[in-house]
Amino acid sequence: MADNAVVKHGDVTQRVGVEVIRARGVDVEKLIKMLVANAAAEFASTYYYYTILRMHLAGHEDYKEICEDARLEDRAHWELIVPRIYELGGELPNDLKVFHDQAGCVAAKLPDPPTAVNILTLLLESERCAIRSWIQICDLTIGKDPRTYDMAARILNEEIEHEAWFIELLAHERDGKSIPSGHFRRGTPGEAPYSKNRDFYNP
Ligand SMILES: [Fe+2]
Ligand SMILES: [Fe+2]
């Protein structure tokens with residue numbers, strides 16, 4: 001592989017960790033762009049707006065509890081993605097508005113009227129957008145960039161679970177139908193069994 005020759009001894013301006021994946025066919029600049037878009041979606045669109053949406057599920061304490069798991073796991077996703085962006089030589093936009101506008105998913109603003117059905121529909125569609133975004137990162141990195149692939153696959157695992165949770169809640173609330181998600185309670189809120197990188201970043 002050509003990556004041996006690219007990074008000179010003691011050079012801190014280039015990264016072997018980047019050159020090895022470039023040598024295997026990853027478009028690193030495109031990958032960074034996609035990761036920034038996904039980070040914006042996790043943080044701005046999902047974590048931030050979920051916080052607001054969840055508050056308006058008052059009186060549906062069972063829905064709020066599920067929503068809290070999904071919300072905190074999206075925060076874990078955000079914290080997992082950011083280091084990877086910097087390792088690849090990328091960075092977050094310095095301007096929060098610019099960052100927000102690059103999000104790969106539409107902002108999940110509070111619907112009018114803020115009924116449980118409308119909120120659950122929005123949450124369901126946010127999870128679906130996340131699944132579509134993360135499978136694209138998996139496709140781009142499989143067999144070429146094991147570190148990003150592993151991260152994306154772990155996040156995707158949780159997004160697929162989140163979709164199932166909101167299908168269950170929306171079917172019950174809107175249609176009076178039972179479509180179980182097979183959900184088992186997380187150990188504690190924010191557990192994020194796949195994506196929380198406990199050994200490295202989280203106390
Ligand atoms: Fe997420
Ligand atoms: Fe999610």
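Starting with the highest mean, order 176-183, 158-165, 135-142 by the number of other Cβ atoms within 10 Å, averaged over the residues of each peptide.
Descending packing order for the listed peptides: 158-165, 135-142, 176-183.
At 222 nm, what helix-only mean residue ellipticity would the chain give, in deg cm²/dmol to the nearest 500, using -39500 (n - 2.57) for each DSSP H run of four or more?
After summing the helix terms and dividing by residue count, I get -19500 deg cm²/dmol.
For the range 32-109, build the charge dipole from Cβ charges (+1 Lys, Arg; -1 Asp, Glu) around the Cα centre, then report which of M34, Q102, L57 sits farthest towards its positive end.
Farthest along the dipole direction, towards plus: Q102.
Bin by bin, in steps of 10 Å, what percent of the Cα pairs in the range 75-120 do you find, going until the bin that has the longest distance?
Calculated P(r), rounded to whole percents: 21, 38, 26, 13, 2.
Taking the dipole about the Cα centre of the chain, with the C-beta of Lys and Arg at +1 and of Asp and Glu at -1, give me whichever of V12, P189, A76 is farthest to the positive side.
V12
Suppose R0 equals 22 Å. What FRET efficiency, 1/(1 + (r/R0)^6) with r the Cβ-Cβ distance, do R147 and K97 give to the nearest 0.05?
Values: r = 30 Å, r/R0 = 1.37.
So the FRET efficiency works out to roughly 0.15.
Would you calculate the volume per residue, in Å³, of the smallest convex hull containing every Cα atom of the chain?
Per-residue hull volume (Cα only) is 128 Å³.
In nm, to one decimal, how far is the I131 label point from the K8 one, both placed 7 Å along Cα→Cβ?
Output for this residue pair reads 5.0 nm.
Given +1 on the Cβ of Lys and Arg, -1 on the Cβ of Asp and Glu, and no further charges, what dipole in debye does the range 73-175 carry about its Cα centre, rounded to the nearest 20? Intermediate values should be presented prior to the final figure.
Values: 10 positive and 20 negative charges, 49 e Å.
Dipole size: approximately 240 debye.
Got a sec to turn the phi values of the range 46-58 into Karplus ³J(HN,Hα) couplings, 6.51 cos²θ - 1.76 cosθ + 1.60 with θ = phi - 60°, whole Hz, x for Gly and Pro?
Once rounded to whole Hz, the list reads 8, 5, 5, 6, 4, 4, 5, 4, 4, 4, 8, 8, 3.
Using alpha carbons only, how many degrees (0 to 90, rounded to 10) separate the axis of helix 116-141 from the longest principal axis of the chain?
Compared with the principal axis, the helix lies near 20 degrees.
Run the accessible area of the chain with a 1.4 Å probe and give the carbon-and-sulfur part as a rounded percent.
Result for the chain: 55 percent of the exposed heavy-atom area is carbon or sulfur.
Run the dipole for the chain about the Cα centre, Lys and Arg Cβ at +1, Asp and Glu Cβ at -1, nothing else charged, and hand back the magnitude in debye, nearest 20. Don't jump to the answer; show the numbers that get you there.
Values: 24 positive and 33 negative charges, 71 e Å.
I would put it at about 340 debye.
Which pairs, out of K64/K196; K109/K177; K64/K109; K64/K177; K8/K33; K64/K97, put more than 24 Å between their alpha-carbon atoms? Don't skip to the end; give the middle numbers.
Details: K64/K196 21 Å; K109/K177 26 Å; K64/K109 17 Å; K64/K177 19 Å; K8/K33 26 Å; K64/K97 28 Å.
Where the Cα-Cα span goes over 24 Å, the pairs concerned are K109/K177; K8/K33; K64/K97.
Determine, at each q value in 0.16, 0.20 (inverse angstroms), the log₁₀ of I(q)/I(0) that the Debye formula gives when each Cα of the range 101-203 is one equal point scatterer.
Here the Debye-derived log intensity ratios amount to -0.85, -1.14.
Among I85, P146, T115, whose Cα sits farthest toward the positive end of the charge dipole of the range 63-147 (+1 at Cβ of Lys/Arg, -1 at Cβ of Asp/Glu, about the Cα centre)?
Value: P146.
The values are calculated or read from the model by the stated rules, or taken from the named source; none is laboratory data. These figures come from a predicted structure and were not determined experimentally. Neighbour counts run over all protein chains shown; Cβ positions are idealised from the backbone, glycine included. In case anyone asks, the SASA skips ligands and DNA or RNA and just uses the protein heavy atoms, side chains included. Shrake-Rupley method; radii C 1.70, N 1.55, O 1.52, S 1.80 Å.
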